[in-house]
Amino acid sequence: MEIPKHFIERYSLFIKDFNILTMPLPKSFRVNTIKTTVNDIKKRFKEYNIKITQLPYYKEAFISDSPEIGKTLEHFLGYIYSQEITSMLPVLIVKKELKNANLVLDACAAPGSKTTQLACLTKATIIANDIDYRRIKALKYNIERIGAINTILTNQDLRFFPNMEFDIVLLDPPCSSEGTTRKNPNVLEQWSMQQIIKHSNLQKQLILKAYNLVKKNGILIYSTCTFAPEENEEVVNYLLEKTTARLEKIIIPKFKTYPALTEWRDKKYNKQIEKTIRIIPELQDTGGFFIAKIKKC
Amino acid sequence: MLKKIEKKEGKRLLNLLKKEYDIEQNIFKNYELYEKNNKIYLGPKNIIEKAISCGIPIYNLKSKKPSTTFFQSFGMFIKKNIIDLNKEQTIYYIDGKDILIVQNEKKYVLVKYKEFSIGCGLIKDNILKNQIPKNKQIRLKYI
C-alpha cells in the first residue's frame, strides 16, 4: 500500500511515522461481562495456552497476536467480542455516567461494537439506531450473540429521529475512515478531499440533531476514526458556534493521546476544542481516532 | 411490526417455558415480551414506536422452538430437558453436525457441555438434530 504524497503533506503536523499506517493492527477483544467474568476468560485462555495481554487502561479488554481467538468455545458462546481498541474508548469515557443513565442512544450503531459494550456497562435502555438497513443485520446478530436484552433497534435517518431526551448519546457518524488503514488498506485508494468535505457537511447536521436529543446536563460523545480536522475539530467547533454546548476534558489514565488542533489552515477554533483528543497510531500501536465529550447546557 | 405481548398471553408463554424447562419465571421480571413474525423477543420494559426489533429472540411460535440465543443466555436457570455432550460431541455439534443418541421422544432440549449452555437441539429418532444457526456454526479448536 502506498500512502499518497498529498496525504503525508497534509498530516505530517501530527503523524511522524507514516509507515505504521501500513502495518497490520494488533488483534484486540473485550470480555462480555453480561455472560462471564474477566478472571474466567484469563483462566480459560491460560489453559488453552493462548497468550493474551490485559490493557492497563481497560481491564475488560485484551490484545493477542493469536489468530486462534475465533476458534475458541468462548468466542462461539459470545463470552468475548472482537473490537478495535480505539473503538472501545468512546464508551469507556462515559463509564461513570452510564451507572445512573436510564436512556442511551447509539446513533450510528452498526455493526454494534459500542452498543454491545454499552450493554455490559449499564442497566439503561439502549436504543441502537442505524440508517443502513443492510448493516442492521450485523447489529442485530451482535446484540443477540452478546445477549444484550436492554436494547431496542431502530432504522432511522438520525436527522429525522423522533424528538426524545437521552441521558447519553454516542455519535460515531460515517467518516472518511483515514485512521483505519491498518485494517482496511483500500481506504487510501478512495481517499479524496471531496469525500472529506462531503462527510464534514453531513457530520455537522448529525451533531446538531444528536445534541438536541441529549437532555439538559446529559452527555454527547462525538467520535470518528479519521484524521481530517474538517471531520473532527471543525464539526465540534460548528456545534459550539450554534449552541451553548460545553466541552469536558477527557482523561484516560495510562493512555497516551495527542492534543486536538486549535487551528487548521486558515481556520481558528474555539479554545474549548483543546479538551477533545486525537489518538495517533504511532503513540500506542492502534488505529487513528478523535473523541469529544460534550455536555448539554 | 414489533408488538408488545398482552399480559395473559405472556403468562401463557412463560408457563409453557416453566413446564418444558422448569425455568424460574421471576428471572424475566425486569423485561417484557414482544412478538414479530411469529418470533417472541425478550426486551426492555418500554420500547418506542419506531422499534424494528429489541433484545433477544427467545421462542418461535410456529415451530414451537426455543432459540439458541435464549438457551445461551438463560441456560443456567434451566433444570429440565437438558442433554449433556462430551467434548468430542460438542465440537461436532458446534460445527453443525447431528449427534447419535439413545433417546426417542421428540422434543427440543438445552444442549450443554460441562457448565456451558451450547444452544438448542431437537431430539428425534435417536438423533440430536442440530439447531445451531448456520451463521453461528464454527469448527472449534479450543474447548
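Among the residues of segment A:147-164 satisfying the criterion of being in contact (Cβ under 8 Å) with a residue 40 or more places away in the chain and over 21 Å from B:Leu42 (Cβ atoms), which is farthest from the other protein chains (Cβ to nearest Cβ)?
A:Arg159
Is it fair to say B:Phe116 is hydrophobic (A, V, I, L, M, F, W, C), open to solvent by less than 40 Å² (accessible area, probe 1.4 Å), touching a Gly at 6+ places or on another chain (Cβ under 9 Å) and in the same structural domain as B:Tyr142 (by TED's automatic domain parsing)?
Here the answer is yes, as B:Phe116 does meet what is asked.
Given the options A:Pro111, A:Pro24, A:Pro67, name the one that is open to solvent by 30 Å² or more (accessible area, probe 1.4 Å), over 28 Å from B:Lys87 (Cβ atoms), in a loop (DSSP other than H, G, I, E, B) and modelled with pLDDT under 95.
Exactly one residue qualifies, and that residue is A:Pro24.
Is one or more of the residues making up segment A:92-99 of a type in the set (Asp, Glu), more than 9 Å from every other protein chain (Cβ to nearest Cβ) and not in a helix (DSSP H, G or I)?
No - not one qualifying residue is present in segment A:92-99.
Name the one entry in A:Lys296, A:Lys256 that is among the basic types (Lys, Arg) and open to solvent by 50 Å² or more (accessible area, probe 1.4 Å).
Exactly one of A:Lys296, A:Lys256 is among the basic types (Lys, Arg) and open to solvent by 50 Å² or more (accessible area, probe 1.4 Å), namely A:Lys256.
What's the number of the condition A:His199 fails, among (1) open to solvent by 20 Å² or more (accessible area, probe 1.4 Å); (2) touching a Cys at 6+ places or on another chain (Cβ under 7 Å); (3) closer than 22 Å to A:Ala101 by Cβ?
Looking at each condition in turn, A:His199 falls short on (3).
Restricting attention to segment B:98-107, does a residue exist that is in contact with a Phe, Trp or Tyr (Cβ under 9 Å, 6 or more places away or on another chain), touching a residue at least 12 places away in the same chain (Cβ under 8 Å), open to solvent by 50 Å² or more (accessible area, probe 1.4 Å) and charged (D, E, K, R)?
Yes, segment B:98-107 has at least one match.
Of the conditions (1) surrounded by 22 or more Cβ atoms within 10 Å (Cβ to Cβ); (2) within 16 Å of B:Ile5 (Cβ to Cβ); (3) within 13 Å of the chain's Cα centre (by Cα), B:Phe71 clears all except one; give me its number.
The number of the failed condition is (2).
Is it true that A:Tyr11 is outside the structural domain of A:Glu144 (by TED's automatic domain parsing) and more than 30 Å from B:Ile91 (Cα to Cα)?
On the way: outside the structural domain of A:Glu144 (by TED's automatic domain parsing): no; more than 30 Å from B:Ile91 (Cα to Cα): yes.
So A:Tyr11 does not fit the description; no.
Can you confirm whether A:Glu144 is in contact with a helix residue (DSSP H, G or I) (Cβ under 9 Å, 6 or more places away or on another chain) and either touching a residue at least 12 places away in the same chain (Cβ under 8 Å) or within 9 Å of chain B (Cβ to nearest Cβ) (or both)?
Working: in contact with a helix residue (DSSP H, G or I) (Cβ under 9 Å, 6 or more places away or on another chain): yes; either touching a residue at least 12 places away in the same chain (Cβ under 8 Å) or within 9 Å of chain B (Cβ to nearest Cβ) (or both): yes.
Here the answer is yes, as A:Glu144 does meet what is asked.
Per-residue answers, yes or no, for (1) under 14 Å from the mean Cα position of the chain (by Cα); (2) within 25 Å of A:Trp191 (Cα to Cα); (3) in a helix (DSSP H, G or I); (4) not assigned by TED's automatic domain parsing to the domain that holds A:Ile63:
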residue: A:Pro253; (1), (2), (3), (4): no, no, no, yes
residue: A:Gln272; (1), (2), (3), (4): no, no, yes, yes
residue: A:Arg278; (1), (2), (3), (4): yes, yes, no, yes
residue: A:Phe290; (1), (2), (3), (4): yes, yes, no, yes
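The values are calculated or read from the model by the stated rules, or taken from the named source; none is laboratory data. Computed from a predicted model, the values in this text were never measured in an experiment. Here the Cβ is made from the backbone with ideal geometry for all residues, glycine too, and neighbour counts use every protein chain on show. Surface accessibility is based on the protein's heavy atoms, side chains included, excluding ligands, DNA and RNA. Shrake-Rupley method; radii C 1.70, N 1.55, O 1.52, S 1.80 Å.
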